[in-house]
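Asks: Submitted below is the structure of interest, expressed as structure tokens.
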Amino acid sequence: MSQDLGQKIYVAGHRGMVGSAIVRDLQAKGFANIITRTHAQLDLTNQQAVKNFFEIEKPDQVYLAAAKVGGIHANNTYPAEFIYQNLMMEANVIHQAFVSGVQKLLFLGSSCIYPRLAPQPMSEAALLTGTLEPTNEPYAIAKIAGIKLCESYNRQYGQSHGIDYRSVMPTNLYGPGDNYHPENSHVIPALIRRFHEAKVSNASEVIIWGTGTPRREFLYVDDMAAASVYVMALDKNTYDQHTQPMQSHINVGFGSDITIAELADAVAKATGFQGHIRFDSSKPDGAPRKWIDSSRLHNLGYRPAITLAQGLQNAYEDFLKNTLLSK
């Protein structure tokens, strides 16, 4: 599991929730040669710009955490942007990493790659076995392509060039650096903002989309970052023993799920909202359940450390800090 702390590591998407957490984890472990670029400095959808970056910087490792992300509303509103931008970023970064001689790369996907009605919990073997959730199908297709890009380069160039490109599939993530936009955010940051605003305005109730019955799994982002660095550090023989050439991705989840109604209660408690919670069943629920099987990761020796209650408290404190700073 030991790694050369002097290696040059490029973290793509370092300003995002996951990318910033990976940078924090790497720094905490002693990695000092971490390179990053903002979107203004490097547009990952621009093939020539990405080519120039890799030719100049020549990183030893790459964490591909850059992505266009959003909740149900955003995915429904901007499907073309979600599939195009994510496909372009993945293709450019993975290919140019190979061309420039990068041997170690970790691609971060999403649990939405699995079929809408996949058996629960969803194992890695469920990939490409059924129809995807329509609300985020373009994003899911792009993430599946990222997995297959890594696998294809491994299959064609693994032995001849010594490359080892891996993929991890996180469940729903939350925590510091999340997007709290009132329309384009995921469920936890959206609920944190809504309950906070309701508390501040002394509202008597909060209305939440859907029935409250769908079940979701949530993982604190620092646990995801630690798992990512852990998987990257695994020796190749160990990784290969737990995966297959055309099913090489590894799920990263918390290990259990809860209903949206239970989540709403937990967020209300974390934010201090004491009013009524009402569900609007005329709005879409999304997939009925999303719980991933993380036994492959657990067998490799990693388990998350942060409970939902603690994670929500940390996330709310981060929201308050960022809200105050932005005023």
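The values are calculated or read from the model by the stated rules, or taken from the named source; none is laboratory data. Worth saying up front: this structure is predicted, and the values here are computed from it rather than measured. Glycine also receives a Cβ, built like all others from the backbone with ideal geometry; neighbour counts cover every protein chain displayed.
Yes/no matrix, rows are residues, columns are (1) of a type in the set (Val, Ile, Thr); (2) closer than 17 Å to Asn179 by Cβ; (3) touching an Asp or Glu at 6+ places or on another chain (Cβ under 6 Å):
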{"site": "Lys8", "(1), (2), (3)": "no, no, yes"}
{"site": "Gln27", "(1), (2), (3)": "no, no, no"}
{"site": "Thr36", "(1), (2), (3)": "yes, no, no"}
{"site": "Ala67", "(1), (2), (3)": "no, yes, no"}
{"site": "Asn75", "(1), (2), (3)": "no, yes, no"}
{"site": "Gln85", "(1), (2), (3)": "no, yes, no"}
{"site": "Met89", "(1), (2), (3)": "no, no, no"}
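Results for (1) farther than 24 Å from Pro170 by Cβ; (2) of a type in the set (Gly, Ala, Ser), shown as yes or no for each residue.
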{"residue": "Gln27", "(1), (2)": "no, no"}
{"residue": "Ala32", "(1), (2)": "yes, yes"}
{"residue": "Arg37", "(1), (2)": "no, no"}
{"residue": "Thr45", "(1), (2)": "no, no"}
{"residue": "Phe54", "(1), (2)": "yes, no"}
{"residue": "Pro59", "(1), (2)": "no, no"}
{"residue": "Ala65", "(1), (2)": "no, yes"}
{"residue": "Asn75", "(1), (2)": "no, no"}
{"residue": "Tyr78", "(1), (2)": "no, no"}
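Asks: Can you list the helices (runs of 4 or more DSSP H) found entirely within the range 61-161 that contain at least 1 residues being of a type in the set (A, V, I, L, M), under 22 Å from Trp291 (Cα atoms) and touching a Cys at 6+ places or on another chain (Cβ under 6 Å)? It would help to see each step written out before you state the result.
Replies: Values: elements: 72-77, 79-99, 137-161.
Helices (runs of 4 or more DSSP H) meeting the threshold: 137-161.
Asks: What are the residues in the range 230-287 that are farther than 12 Å from Ile208 by Cα, free of Cβ contacts under 8 Å to residues at least 40 places away in the same chain and of a type in the set (Gly, Ala, Ser), if any?
Replies: Residue satisfying the conditions is Ser256 alone.
Asks: Now a separate question. Scan the range 287-327 for residues that are basic (Lys, Arg) and either modelled with pLDDT of 95 or more or farther than 23 Å from His73 by Cα (or both) and jot them down.
Replies: Of the residues in the range 287-327, the ones basic (Lys, Arg) are 289-290, 296, 303, 321, 327.
Hits for the range 287-327 are Arg296, Arg303, Lys321, Lys327.
Asks: Same structure again: Would the range 180-187 turn up any residue that is under 19 Å from the mean Cα position of the chain (by Cα) and under 17 Å from Gly109 (Cβ atoms)?
Replies: Checking the range 180-187: at least one residue is under 19 Å from the mean Cα position of the chain (by Cα) and under 17 Å from Gly109 (Cβ atoms).
Asks: Counting just the residues of the range 146-166 that are in contact (Cβ under 8 Å) with a residue 12 or more places away in the chain and surrounded by fewer than 17 Cβ atoms within 10 Å (Cβ to Cβ), which one comes out nearest to Pro115 (Cα to Cα)?
Replies: From the range 146-166, those in contact (Cβ under 8 Å) with a residue 12 or more places away in the chain are 146-147, 149-151, 153-155, 157, 161-166; that's our starting set.
Filter once more, so that each one left must be surrounded by fewer than 17 Cβ atoms within 10 Å (Cβ to Cβ): 155, 157, 161-162.
Numbers: Arg155: 25, Tyr157: 30, His161: 34, Gly162: 33 Å.
The residue in question is Arg155.
Asks: Now for a separate question. Please find, among Ile83, Ile22, the residue that is farther than 14 Å from Lys143 by Cβ and either of a type outside the set (Ser, Thr, Tyr) or touching a Phe, Trp or Tyr at 6+ places or on another chain (Cβ under 6 Å) (or both).
Replies: Numbers: Ile83 fails: farther than 14 Å from Lys143 by Cβ.
After applying the criteria, what remains is Ile22.
Asks: Taking the range 190-222 only, how many residues are under 23 Å from Gln120 (Cβ atoms) and among the charged types (D, E, K, R)?
Replies: Selection size over the range 190-222: 3.
Asks: When the residues of the range 44-59 are filtered to those that are buried (at least 17 other Cβ atoms within 10 Å of the Cβ) and in a loop (DSSP other than H, G, I, E, B), which remaining residue is farthest from the chain's Cα centre (by Cα)? It would help to see each step written out before you state the result.
Replies: Taking the range 44-59 first, the residues buried (at least 17 other Cβ atoms within 10 Å of the Cβ) are 44-45, 50, 53-54, 59.
Filter once more, keeping what is in a loop (DSSP other than H, G, I, E, B): 44-45, 59.
Numbers: Leu44: 18, Thr45: 19, Pro59: 22 Å.
Across the range 44-59, the extreme among qualifying residues is Pro59.
Asks: Among the candidates Leu26, Leu42, which residue alone is under 14 Å from Met232 (Cβ atoms) and either modelled with pLDDT of 95 or more or among the aromatic types (Phe, Trp, Tyr) (or both)? Talk me through it step by step, then tell me what you get.
Replies: On the way: Leu42 fails: under 14 Å from Met232 (Cβ atoms).
Going through Leu26, Leu42 in turn, the sole match is Leu26.
Asks: Let me ask another. Sort out which residues of the range 122-142 are in contact with a strand residue (DSSP E or B) (Cβ under 8 Å, 6 or more places away or on another chain) and either modelled with pLDDT under 95 or buried (at least 21 other Cβ atoms within 10 Å of the Cβ) (or both), and write them in order of number. Write out each step before concluding.
Replies: Our first condition is that a residue be in contact with a strand residue (DSSP E or B) (Cβ under 8 Å, 6 or more places away or on another chain); within the range 122-142, this holds for 122-125, 127.
Passing the criteria: Met122, Glu124.
Asks: So, in the range 190-222, of the ones that are in a strand (DSSP E or B) and surrounded by 19 or more Cβ atoms within 10 Å (Cβ to Cβ), which residue ends up modelled with the lowest pLDDT?
Replies: In the first step, residues of the range 190-222 are kept if they are in a strand (DSSP E or B); the result is 205-209, 215-216, 218-220.
The next check asks that each one be surrounded by 19 or more Cβ atoms within 10 Å (Cβ to Cβ); those that pass are 206, 208-209, 216, 218-220.
Values: Val206: 96, Ile208: 94, Trp209: 87, Arg216: 93, Phe218: 96, Leu219: 97, Tyr220: 98.
By that ranking, first place goes to Trp209.
Asks: A further question on this structure: So which pairs qualify, if the first residue must be in the range 300-318 and closer than 30 Å to Asn237 by Cβ, the second must be hydroxyl-bearing (Ser, Thr, Tyr) and surrounded by fewer than 21 Cβ atoms within 10 Å (Cβ to Cβ), the Cβ gap must be under 6 Å, and the two must be at least 6 apart or on different chains?
Replies: Filtered contacts from the range 300-318: Tyr302/Tyr230.
Asks: Let me ask another. For the range 223-254, name all the residues that are in a helix (DSSP H, G or I), over 18 Å from Ile9 (Cα atoms) and not aromatic (Phe, Trp, Tyr).
Replies: In the first step, residues of the range 223-254 are kept if they are in a helix (DSSP H, G or I); the result is 223-233, 236-241.
The next check asks that each one be over 18 Å from Ile9 (Cα atoms); those that pass are 223, 236-241.
If the condition is that a residue be in a helix (DSSP H, G or I), over 18 Å from Ile9 (Cα atoms) and not aromatic (Phe, Trp, Tyr), then Asp223, Lys236, Asn237, Thr238, Asp240, Gln241 are the ones that fit.
Asks: Scan the range 251-261 and give yes if some residue there is surrounded by fewer than 18 Cβ atoms within 10 Å (Cβ to Cβ) and among the charged types (D, E, K, R), otherwise no.
Replies: no
Asks: Kindly indicate the residue of the range 267-314 that is assigned to a strand (DSSP E or B) and in contact with a Gly (Cβ under 6 Å, 6 or more places away or on another chain) and also nearest to Ile113 (Cα to Cα) among those meeting that condition. Let's see the steps before the verdict.
Replies: Going residue by residue through the range 267-314, those that are assigned to a strand (DSSP E or B) are 276-280, 289-290, 292.
Subsequent filtering for residues that are in contact with a Gly (Cβ under 6 Å, 6 or more places away or on another chain) retains 279, 292.
Working: Phe279: 27, Ile292: 11 Å.
Only one residue fits best here, namely Ile292.
Asks: For residues in the range 73-93 being surrounded by fewer than 21 Cβ atoms within 10 Å (Cβ to Cβ) and among the β-branched types (Val, Ile, Thr), which is farthest from Gly158 (Cα to Cα)? Quick ask: steps written out before the conclusion?
Replies: Going through the range 73-93, the residues surrounded by fewer than 21 Cβ atoms within 10 Å (Cβ to Cβ) turn out to be 73, 76-81, 83-85, 87-88, 91.
Still in the running and among the β-branched types (Val, Ile, Thr): 77, 83.
Numbers: Thr77: 39, Ile83: 27 Å.
Checked the range 73-93; the qualifying residue farthest from Gly158 (Cα to Cα) is Thr77.
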